[in-house]
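The structure appears below as structure tokens.
The values are calculated or read from the model by the stated rules, or taken from the named source; none is laboratory data. Because the structure is predicted, anything quoted here is derived from the model rather than measured. Every residue, glycine as well, gets a Cβ built from its backbone with ideal geometry; the counts of neighbours run over all protein chains shown. Protein only, heavy atoms only, side chains kept; ligands, DNA and RNA dropped before computing areas. Shrake-Rupley method; radii C 1.70, N 1.55, O 1.52, S 1.80 Å.
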Amino acid sequence: MDTEESSIPKVDRKTLKAEKKKKKKEELLKNLERRELLKEAVANSAKPVPKNILSGLSNDVKGRDYTVSFAIPGSILDNQQTPELRSYLAGQIARAAAVFSVDEIVVYDDEGVKDSENTDLNTKKSRGVEQLSRILMYLECPQYLRKHFFPLHQDLQFAGILSPTDMPHHLRTDDASVYREGVVSDKQVKEGHCLVKIGLKSDCLVNMALKPGIRVTVRLKEGYEFDSKLKGTVVSPSEPRTKAGLYWGYNVRVAPNLSSVFTGSPYKGGYDLSLGTSEKGTNIDTCEIPKFEHLLIVFGGVAGLEAALEADDNLDADDPKDLF
């Protein structure tokens with residue numbers, strides 16, 4: 001009986017070896033590229049945040065009408081082993097907010113810490129929420145105002161050695177800016193006016209009687225002289241953003257749970273676009289972000305948004321994706 005042998009082409013070992021070598025080379029190049037990107041990121045993290053100081057307003061200056069907020073749980077500090085690391089992590093969050101022009105940071109409790117007197121309410125703040133929110137507020141405040149608003153506190157023990165965020169409203173005495181942050185002085189002046197300490201040699205006189213000790217945003221007259229008597233107007237803290245397009249720091253809001261992140265929005269109508277981050281989510285590179293007025297990005301803790309959802313009795317959703 002004759003048998004017909006099927007002809008099987010022999011594998012070219014040289015071709016396989018060349019392909020294997022090519023793949024290995026590509027992987028090596030990718031690894032080198034990742035290392036270079038990492039080195040660049042580390043180097044950039046040490047650079048100061050670019051400042052955009054505006055000495056006057058003109059028709060060419062355009063404002064920014066949208067806002068960006070992100071929410072982060074205070075429990076992320078609980079995973080740090082030393083007070084120094086807890087402060088460092090909080091400082092990195094503040095710096096990231098400054099680099100990406102974040103207007104609001106919401107620090108929420110994702111652990112469901114109950115009040116000892118009323119077990120139905122999550123009124124007792126977790127330790128991480130308190131410390132993270134305090135450090136974030138401290139780093140956002142201009143250096144010349146910190147002594148007025150932040151007394152000595154254990155949470156701020158290592159905040160002084162953190163890298164400065166150097167935001168546009170963290171002005172020095174020789175920076176000529178039409179806007180400045182200040183604190184109302186208790187010095188007596190004529191009726192219907194008050195003096196505001198704005199980080200310059202002389203205080204600024206504003207035509208409004210305000211309670212001493214509160215923080216205000218002042219718009220100075222264009223072309224003012226540093227060594228002369230200063231006059232200005234108290235404006236909304238959002239004016240530098242809406243009229244001049246300047247990034248003017250972030251507000252810190254504390255939320256007792258995940259649901260309060262959404263319901264406690266300071267903006268009329270709330271957030272019109274909200275995004276949740278998760279390893280189970282869709283790749284951001286494949287997503288199309290629509291136009292928005294108020295964007296909210298919610299980050300989960302070590303256990304993810306699932307843990308925050310489970311700890312919040314006000315939410316009926318079974319999956320975090322149902323919230324976004």
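Matching residues to (1) crowded, with 21+ Cβ neighbours inside 10 Å; (2) at pLDDT 90 or above:
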| site | (1), (2) |
| --- | --- |
| Asp175 | no, no |
| Gly182 | yes, yes |
| Asp186 | no, yes |
| Val196 | yes, yes |
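Could you say whether any residue in segment 18-37 is loosely packed, with under 10 Cβ neighbours inside 10 Å, part of a helix (DSSP H, G or I), of a type in the set (S, T, N, Q) and modelled with pLDDT of 55 or more?
no
Residue check, Asn79 against (1) open to solvent by 30 Å² or more (accessible area, probe 1.4 Å); (2) farther than 22 Å from Leu258 by Cα; (3) modelled with pLDDT under 85; (4) not aliphatic (A, V, I, L, M), all met but one. Which one?
Failing condition for Asn79: (2).
When Ala94 is evaluated against the numbered criteria (1) modelled with pLDDT of 85 or more; (2) hydrophobic (A, V, I, L, M, F, W, C); (3) out of contact with any helix residue (DSSP H, G or I) (no Cβ under 7 Å at 6 or more places or on another chain), which criterion, by number, is the only one it fails?
Exception for Ala94: condition (3).
Can you tell me how many residues in segment 139-154 are part of a helix (DSSP H, G or I), crowded, with 18+ Cβ neighbours inside 10 Å and free of Cβ contacts under 8 Å to residues at least 60 places away in the same chain?
Residues in segment 139-154 being part of a helix (DSSP H, G or I), crowded, with 18+ Cβ neighbours inside 10 Å and free of Cβ contacts under 8 Å to residues at least 60 places away in the same chain: 2 in total.
When you look at Phe158, is it among the aromatic types (Phe, Trp, Tyr) and modelled with pLDDT under 90, yes or no?
Here the answer is yes, as Phe158 does meet what is asked.
Kindly provide the set of residues from segment 188-217 that are outside any loop (DSSP other than H, G, I, E, B), in contact (Cβ under 8 Å) with a residue 24 or more places away in the chain and of a type outside the set (S, T, N, Q), ordered by number.
Val196, Lys197, Cys204, Leu205, Val206, Arg215, Val216
Among the residues of segment 266-287, is any outside any strand (DSSP E or B), farther than 30 Å from Arg180 by Cβ and of a type in the set (Phe, Trp, Tyr)?
no
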